[in-house]
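Any read-out appearing in this document is the output of simple, stated calculations on the displayed coordinates, not a laboratory observation. Bear in mind that the values here come from a model prediction, so they are computed numbers and not experimental data. Because the Cβ atoms are built from the backbone with ideal geometry, glycine has one as well, and the counts that use them run over all protein chains shown.
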Amino acid sequence: MSDQGGADGTPAGAPSGAAKEKMRAAAAGVGGVLKSLASTFGLDVKRASVADLTRVHATDSERAAQAAQTPPVTDAGAQDHFAWRLSTLRLSIWLLGASFVVALISFITTLASYESAPGLRLWVMIFPELAKLLAAGYLVFEVVRALAGGIHRPGRANRQLRRGWAIGLVVPLAVLLLPWSSMIVSITPEEIARMGNPVEQLQMLLTVEITPLILLVMILLQALPALLSVFPGLFRAGLTMKTLVPTRGLGPVAAAAAGPFNALYLIVLLVIAQGIIGSWGLPFVALFLLGAPILTGWHCAALTKPMDAQRASAGVRRVRTASRILLAIGAIGFLVMLANTKLLGRPVFAVADSKDAQGNAVEPLVGLLDLLQLGVHLAGVMMVFTVVASDTLFRLSPLGDDDTPELAADAATLRQVKAALSPAPDVSDTFA
């Protein structure tokens, strides 16, 4: 007996015409969502990378949403600013979310492969990484909360971002105050001396001395995103502010002040790195890494004067281009130097595992995935602080004079940005 086909002539067991239509509609819906996400992601990347409010413009839907919020934002320049702000936060959550997932998988893998060692408490090495993971998770949570309100409640979002960034900065650094290097050793010198075999004594002494050094390198890598996000974020925020209100000088003043301080803590980090790896190439790399903040801070001083929007945009582009070129040369040189440096018989950085003289695989201290995760997390944290610093600069900036059309236009833009960032709190905001 043969199977009967459907009423529309389809073979038995095959989807009917109505089912096929539903499947096509569902596929079209998923394709539309993916296309919309890709388009939004591309727009966010463009806005966040340009960070020039003479070249970033809000869409019609964003302008309508801002005009309908309380208090309303109707100034075109202020609307462009909040559109850039929203795109920067949306891009940061992609970066922070990806970094958090990779860090979580790495942490779980470390726990699964945990092995005890005589004389050492290897679980101590887990706690700094756990603290950083929790702080990164809280930052992701607060950025998501801030994005949940979109551009309609920037004042409340600003408080959430400040909390998330502050905890993400303070917790990993506060954990470093604990004496991890002394806690990791669980054997006393007397116990080592009682070992009968001299070879075992030597091996244990080397292990006890070297393990805290490895822990120090791990802790420094975990603290880098928090340390390196502050002044570059302030630098970006100040220059972006200049492109929105070119007659005001607070943004370039903040960016110029960030230059020397940025160079100061960079040289401290480089001195620590030199003490660990000891390379003749580091002084030459330092010329570019330190030259970027010093030269850009110097050139920012020229942007403090009132000027028109085109001149401000051109000046900001020159400063950013010079900074990016110097940092790129310095970063590439630093990676090349690390790739040719060995610590405890292992390369400091390598794209893949190498082999020793006996043919055994040697894992680098910092692999390609570690470097990518560090860079993505650093970029995400820096973007969040860029928004936090930008909001702070706008709230601190005085309205100033409005004697000329240019001054009056910038005063009107500032007034609306400041009003949107400092709304009168309602009942739900009071307990946020």
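Figures for the structure shown
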item: The stretch 238-312 and the stretch 319-344: distance between their alpha carbon centers, rounded to Å; result: 16 Å
item: Net charge of Cβ neighbours under 13 Å - reference GLY380; Lys, Arg +1; Asp, Glu -1; result: -1
item: Between the stretch 80-103 and the stretch 32-79, the Cα center-to-center distance that results, in Å; result: 14 Å
